[in-house]
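The values are calculated or read from the model by the stated rules, or taken from the named source; none is laboratory data. Being a predicted model, the structure only gives us computed values, none of them experimental. Positions of Cβ are generated from backbone atoms using ideal geometry, with glycine treated the same way; all protein chains shown enter the neighbour counts. Note: areas computed on protein heavy atoms with side chains; ligands, DNA, RNA excluded. Shrake-Rupley method; radii C 1.70, N 1.55, O 1.52, S 1.80 Å.
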Amino acid sequence: MVSPFKFLDSFTLTDRNIFFGRDHEISELYRKVFESKILLVYGISGTGKSSLVNCGLASRFDDSDWLPVSVRRGSNIIESLEVAFGKQSLTPLKKNQTIINKLQSVYLDHFKPVYLIFDQFEELFIFGNREEKEGFIQIIKEILESEIHCRIIFIIREEFLAGMTEFEEKLPEIFTNRFRVEKMKKGSAISAVDGPCTVAGIKTDEGFSEELINNLSPAGNEIELTYLQIYLDKIFHLSSNEQTGNSELIFSKELLI
């Protein structure tokens, strides 16, 4: 059996059947993405920001209403954006085309709204120089002023949020539409345990999920998702090793060590 738990990997659209515990956040994010051409998604490290966008939000769109173009900075965010357009393009792009022309070409190829998703956007402020930042800001400004059906989602760690003030002069709306991703509450975390188990056909002892969550956070009401996924992956492998040859897995309370 393949583990239904992601360990340290982010969830993507292909994982939508095992993505549980964020229904409210997904609905709110889906509402806010239409309020402005820019959406700023932020939160502390480990709250599942990327998963919420790339799996949760993505699952709310019909294929005809959503063309996600994911961009990580790499060595230069402008170059990475051009590479991302090249991967989505059906019509060969030319080197002398402007970014706007390339975006327009991608849009016309698919004829559905383009969503530029800049994940781990803090990398621009950690590694980028002034020229790269200013060039990128100008590109975003031109995209927003164009008539191309394109929305932009920035995903950034909360501690780097102040860096976005560098954009305010040319993009005064940068902070207007934003969504803070909070740590998952215990009730939702129980759903994040039970849901994938049900999908994968894993049986659990009565009260197993509640005890697991209480072990992770005995005093508070918030869960570190990174720890939860690591813990679940460990339990899955412990259970698999103990029950070799069985047709189904059972998560017993004895595994909660």
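Considered as a group, the residues in segment 245-257 that are open to solvent by 70 Å² or more (accessible area, probe 1.4 Å) and not charged (D, E, K, R) include one that is modelled with the highest pLDDT, and that residue is Ile257.
Look at (1) β-branched (Val, Ile, Thr); (2) over 27 Å from Gly43 (Cα atoms); (3) out of contact with any strand residue (DSSP E or B) (no Cβ under 6 Å at 6 or more places or on another chain) and you find that Thr204 fails only one, number (3). Looking only at residues in segment 47-92 that are among the basic types (Lys, Arg), open to solvent by 70 Å² or more (accessible area, probe 1.4 Å) and assigned to a helix (DSSP H, G or I), the one that is nearest to Gly128 (Cα to Cα) is Lys87.
For residues that are over 16 Å from Leu81 (Cα atoms) and within 14 Å of the chain's Cα centre (by Cα), tally how many sit in segment 135-157. Qualifying residue count for the region: 2.
Say whether the condition of being modelled with pLDDT of 95 or more, under 21 Å from the mean Cα position of the chain (by Cα) and either among the β-branched types (Val, Ile, Thr) or on the phi < 0 side of the Ramachandran plot (or both) is met by at least one residue in segment 205-216. Within segment 205-216, none of the residues are modelled with pLDDT of 95 or more, under 21 Å from the mean Cα position of the chain (by Cα) and either among the β-branched types (Val, Ile, Thr) or on the phi < 0 side of the Ramachandran plot (or both).
Considering only residues in segment 202-244 that are farther than 23 Å from Gly48 by Cα, assigned to a helix (DSSP H, G or I) and in contact with a helix residue (DSSP H, G or I) (Cβ under 7 Å, 6 or more places away or on another chain), the one that is most open to solvent (accessible area, probe 1.4 Å) turns out to be Leu238.
What is the residue count in segment 194-214 for residues that are touching a Phe, Trp or Tyr at 6+ places or on another chain (Cβ under 8 Å) and either more than 30 Å from Phe154 (Cβ to Cβ) or among the basic types (Lys, Arg) (or both)? Give the derivation first.
Narrowing segment 194-214 to residues touching a Phe, Trp or Tyr at 6+ places or on another chain (Cβ under 8 Å): 194-197, 202-205, 208, 212.
Okay, now just the ones that are also either more than 30 Å from Phe154 (Cβ to Cβ) or among the basic types (Lys, Arg) (or both), so 194, 197, 202-205, 208, 212.
Total meeting the criteria: 8.
So, Glu79, is that one more than 26 Å from Glu224 (Cα to Cα), at pLDDT 95 or above and not polar (S, T, N, Q) or not?
Here the answer is yes, as Glu79 does meet what is asked.
Tallying residues that are open to solvent by 60 Å² or more (accessible area, probe 1.4 Å) and touching an Asp or Glu at 6+ places or on another chain (Cβ under 6 Å) within segment 4-43 yields 1.
Looking at this structure, is Ile137 out of contact with any strand residue (DSSP E or B) (no Cβ under 7 Å at 6 or more places or on another chain) and open to solvent by less than 70 Å² (accessible area, probe 1.4 Å)? Yes.
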